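To keep things clear, I will list the structure first and then write my remarks on it.
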Amino acid sequence: MAITKSQSMQPASVVNTAVGSYIIESGDTAAAITITCGFKPRYVKVLNTASSGGYMEWFEGMAAAYGFKYLSADGAGALVTSNGITVSDSGFIIGLDTDINVKAEQIRWIALG
């Protein structure tokens, strides 16, 4: 499977921050994306930098697979209750939301802990 990704993390003495990018190549099957950042995020933002231009945010206290999604086409935001962001003790999963997690479209993310 051809997957391109990158990320960087701050030293442990700094508030936990990790950023990165991810793209599922056009020939691959779309899937949820597991990101390991080494800490449990309290905030996650995932941005689709391609055609949809939308982004999703997850805040501490939200349920698994939830997120607040904004689409650039109309600027409106909406709470999603499935295929959103699920946080774990060492990272998070970007669900298979069809506006954010799209094959052959670059996404960028930031996690704060």
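Against the conditions (1) over 18 Å from Ile110 (Cβ atoms); (2) more than 13 Å from the chain's Cα centre (by Cα), Gly38 satisfies every one except (1). Among residues of segment 102-113 that are on the phi > 0 side of the Ramachandran plot, those with a Cβ under 8 angstrom from a residue that is buried (at least 17 other Cβ atoms within 10 Å of the Cβ) and of a type in the set (A, V, I, L, M), sequence gap 6+ or separate chain, pair up as Ala104/Ile23; Ala104/Ile24. Checked across segment 17-39, the condition of being outside any strand (DSSP E or B), surrounded by fewer than 17 Cβ atoms within 10 Å (Cβ to Cβ), of a type outside the set (Gly, Ala, Ser) and modelled with pLDDT of 90 or more holds for no residue. Every listed requirement among (1) of a type in the set (Ser, Thr, Tyr); (2) touching a residue at least 40 places away in the same chain (Cβ under 8 Å); (3) over 21 Å from Asn16 (Cα atoms) is met by Tyr43 save one, (3).
The values are calculated or read from the model by the stated rules, or taken from the named source; none is laboratory data. Please read all numbers here as calculations on a predicted model, not as lab measurements. All Cβ positions, even for glycine, are placed from backbone atoms using ideal geometry, and neighbour counts span all protein chains on display.
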